[in-house]
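For reference, the structure is listed below as structure tokens.
The values are calculated or read from the model by the stated rules, or taken from the named source; none is laboratory data. Keep in mind the model is a prediction, meaning the values are calculated, not measured. Quick reminder, even Gly has a Cβ in these numbers, built from the backbone with ideal geometry, and neighbours come from all protein chains shown.
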């Protein structure tokens, strides 16, 4: 267990990151870029979206990609099968 002296002081963190980003704010650019790629045809119908590749590409936590995928599903742009795969839907 780390001692509290190992933590970066809140004052220093506030200088580095003046505003806390919410999970929605982190997932929004991912959602926007994927949506644009689907609508422009760069991502084709039936193409599989590999969560791990997207996590690495954006250098974000998996949760941000999960939230972006959730919104893309709500918008009818991707579908998911029961085994965790996500695929571009027909527009």
Note: among 20, 42, just one is at negative phi, modelled with pLDDT of 90 or more, in a loop (DSSP other than H, G, I, E, B) and surrounded by fewer than 13 Cβ atoms within 10 Å (Cβ to Cβ), namely 42
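Outside any helix (DSSP H, G or I), free of Cβ contacts under 8 Å to residues at least 60 places away in the same chain and on the phi > 0 side of the Ramachandran plot, is that true of residue 76? Even if it seems obvious, please write down each step before you answer.
Working: outside any helix (DSSP H, G or I): yes; free of Cβ contacts under 8 Å to residues at least 60 places away in the same chain: yes; on the phi > 0 side of the Ramachandran plot: yes.
Yes, satisfied.
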